[in-house]
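The values are calculated or read from the model by the stated rules, or taken from the named source; none is laboratory data. It should be emphasised that the depicted structure is a prediction, and the values quoted were computed from it without experimental measurement. Positions of Cβ are generated from backbone atoms using ideal geometry, with glycine treated the same way; all protein chains shown enter the neighbour counts.
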Amino acid sequence: MAPQILAAEADAAGSRSLTITLFLVFVAITLGITIWASRQTKTATDFYAGGRQFSGFQNGMAIGGDYMSAASFLGIAGIIALYGYDGFLYSIGFLVAWLVALLLVAEFLRNSGRFTMADVLAFRMRQRPVRTAASVSTIVVSIFYLIAQMVGAGALVSLLLGIKPGATFLGMDANTAKVATIILVGALMIIYVTVGGMKGTTYVQIVKAFMLMTGALIMVLLVLAHYKFNLSALLGDAATRSGKGSAFLEPGLRYGVETAGDAAKTFYSKMDLLSLGLALVLGTAGLPHILTRFYTVPTSRIARKSVLWAIGIIGTFYLFTLALGFGAAALVGGKEITAQDKAGNTAAPQLAQKLGLDYLGGETGGAIMLAVIAAVAFATILAVVAGLTLASSSSLAHDFYASVIKRGNASERDEVRVARYSALLIGAVSIALSIFAQSLNVAFLVALAFAVAASANLPAILYSLFWRRFNTAGALWSIYGGLISAVVLVFFSPVVSGSATAMFPNSDWHFFPLSNPGIISIPLGFFFGWLGTILSKETDPEKYAELEVRALTGHGAH
Amino acid sequence: MPASAERYLEVQRSEEFAQLRHRLRSYIFPTTIAFIVWYSLYVLLSAYARDFMAIKVIGNINVALIFGVLQFVSTFLIAWHYSRYAAQKLDPLADEIHSTLESGPAAEAAATTTDGGKA
């Protein structure tokens, strides 16, 4: 890590072994919990929904654990450290999004569903086609998100373990270490999910959320103490050190960039900002791994309580990232951050090292702080991938295997067995894809997952719950329509081809000018859902009566 | 099950349920529109009103930062207010309807719903 800061190579090695030790302690504790949880996992409800035994606070922490991904911790702090204010836009979108989940989704989903998102979507529809569609979109969203996390883990490992280009670690060069990390993370997540099910995974999230909040809090207090709790002084220092002056504290350095003399470019850049804002705020309530969390509590009232806790925890964390990002800009400096990682993903660990150096006993303190925060970052990634794998394997087993293939005649035992194999399959697929996708931009993959979730899942969920007339055709049109428009627009966008930072920088087939499809694909998802519905004659007022009564009163809830 | 389907329709058409639905929808829909508009205003100002967002209020703390923190404050307040509203206005009514359903002729309805699940 930041070799120019470290006085001696010995410190780097010390920090590295401390990072690994702390990470192994986390792995040991969580594996212990997982094995304990596996002994309590007997029924399908235990495996998919953790026995619905968690309290509001526990599930609120677990939601935080699922939600505060590497993109939140490392990504947002990094964007703030390099581009200043614009990183804060992400935090705000990610937080406000929880109101959609709280007001429109969480309680009704808990009351009317059982294990997966499709339970609600297919409630009053023809089961097989709707569950197939829901399963497809669940897996697409989760895999994009999974790859983002695992690529992030791979990209960070060589930096966090301090493997420099050309150097080796345990006989591995930086590239081999990346691949090894992706495989290790993948293998661990498969174990958490297949062995521990939802119960084990939920406890892993709780432990991780606690570690992340504690680690971030310590750093925030040190940063604020450095500036004698004068926020303005911190901001002023960050602005000066960034070399961009007060523009660093204003929107516009990264998103909605104004290019003088190029009106079209300025226009598209601003549209892209609006598109990102829309995808962030509407994506959360369509993320399958978040939706399945609402099933882990006994009642819809406790689901409500858990969302309230989650809003408190996540909101506090995003306020922390503000101090971390500006703190890194002020105390570490943009130059040293980009020297380590161009995207700024190492800003938070670098800040930790600097704070340790200044306040906790010099070199050793720096090494310890770096090791702690690096271990927290790994734990963060590991917990999020476990949650994603569980959500997608649940959907594959409960929706696709049990309802589509077995037409509802699978035994619980069978279903859980298939869910375990599915976790293995999804884990293996995402390990393979992540190894090939290493050059992809992490933030782009996460934003794409949010855009697909908002375009394909959210319209169908809201129509299902609140629109009497909604039917099978509408559900299929909105899921496939939203999914396909989001993916196609991204394929023809500058993030895939036709720009220096694209996946295929040397080819150009792009015609869609925005990098985030949300502003087009989300309205399209709603439009297709409406169109498909009115073009089909099917209606089922009796099933809607049952869904509405159950969703609002909790009658017959599982 | 026709009997329980009848029962659900009956409950759905009842005055109590209409009241519960009205109280719920008249809260969640306007609130959703309000916070989406408020959030959009923030995003639009960030994109198109840079000079306004750049005005310094206290020291280096500018309008953009205060506006951003206000989004946090409004999110916390809406969440808190909704939980209070739900506990006072929605939950008792929902419980009432729930208990008539459980004790009424549709008691078996819970056991025979969609995915063959257990109640």
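Which is surrounded by 24 or more Cβ atoms within 10 Å (Cβ to Cβ), over 21 Å from A:VAL332 (Cβ atoms), out of contact with any Cys (no Cβ under 6 Å at 6 or more places or on another chain) and more than 14 Å from chain B (Cβ to nearest Cβ), of A:THR202, A:THR181, A:THR194?
Numbers: A:THR181 fails: surrounded by 24 or more Cβ atoms within 10 Å (Cβ to Cβ); A:THR194 fails: surrounded by 24 or more Cβ atoms within 10 Å (Cβ to Cβ).
Every option except A:THR202 fails the conditions.
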Boolean, A:ALA133 is part of a helix (DSSP H, G or I), farther than 28 Å from B:PHE72 by Cβ and either within 14 Å of chain B (Cβ to nearest Cβ) or touching a residue at least 60 places away in the same chain (Cβ under 8 Å) (or both): yes
Pick out the one residue from B:ALA87, B:ALA18, B:ALA79, B:ALA64 that is small (Gly, Ala, Ser), closer than 18 Å to A:GLY93 by Cα and without any contact (Cβ under 8 Å) to a residue 12 or more places away in the chain. B:ALA79
Examine segment A:133-141 for a residue that is modelled with pLDDT of 95 or more and over 21 Å from A:LEU445 (Cβ atoms), and state whether such a residue exists. yes
Which of the residues spanning segment A:231-251 are at the interface with chain B (Cβ under 7 Å from one of its Cβ atoms), in contact (Cβ under 8 Å) with a residue 40 or more places away in the chain and in a helix (DSSP H, G or I)? A:LEU235, A:ALA239, A:LEU249
Of all residues being among the aliphatic types (A, V, I, L, M), within 9 Å of another protein chain (Cβ to nearest Cβ) and surrounded by fewer than 20 Cβ atoms within 10 Å (Cβ to Cβ) in segment B:64-89, which is nearest to A:ALA323 (Cα to Cα)? Just the residue, please. B:VAL69
Does A:GLY256 satisfy the criteria of being without any contact (Cβ under 8 Å) to a residue 40 or more places away in the chain and surrounded by 23 or more Cβ atoms within 10 Å (Cβ to Cβ)? yes
For B:GLU96, work out the one condition from (1) more than 23 Å from A:ARG304 (Cα to Cα); (2) in contact (Cβ under 8 Å) with a residue 12 or more places away in the chain; (3) of a type in the set (Asp, Glu) it doesn't fulfil. (1)
Among the numbered criteria (1) at the interface with chain A (Cβ under 8 Å from one of its Cβ atoms); (2) under 18 Å from the mean Cα position of the chain (by Cα), which single criterion is violated by B:GLN19? (1)
Conditions (1) in a helix (DSSP H, G or I); (2) of a type outside the set (Ser, Thr, Tyr); (3) under 26 Å from A:ALA180 (Cα atoms): number failed by A:LEU440: (1)
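Would you check if B:TYR8 is within 7 Å of chain A (Cβ to nearest Cβ) and either over 30 Å from B:ILE97 (Cβ atoms) or loosely packed, with under 13 Cβ neighbours inside 10 Å (or both)?
no
Do we find a residue being of a type in the set (A, V, I, L, M, F, W, C), farther than 21 Å from A:ALA118 by Cα and touching a Lys or Arg at 6+ places or on another chain (Cβ under 8 Å) anywhere in segment A:390-410? Reasoning before the result, please.
Just the residues of segment A:390-410 that are of a type in the set (A, V, I, L, M, F, W, C), to begin with: A:390-391, A:396-397, A:400, A:402, A:404-405, A:410.
Next cut, farther than 21 Å from A:ALA118 by Cα only: none.
No, that holds for no residue.
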Over segment A:401-434, the set of residues over 19 Å from the mean Cα position of the chain (by Cα), away from every other protein chain (no Cβ under 14 Å) and over 18 Å from A:THR194 (Cα atoms) is A:ILE405, A:ALA432
Taking segment A:52-93 as the search range and keeping residues that are over 19 Å from the mean Cα position of the chain (by Cα) and not in a helix (DSSP H, G or I), which one is farthest from the other protein chains (Cβ to nearest Cβ)? A:PHE54
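Determine which member of the set B:VAL43, B:VAL57 is among the aliphatic types (A, V, I, L, M), more than 9 Å from chain A (Cβ to nearest Cβ) and on the phi < 0 side of the Ramachandran plot.
Values: B:VAL43 fails: more than 9 Å from chain A (Cβ to nearest Cβ).
Unique residue meeting the criteria: B:VAL57.
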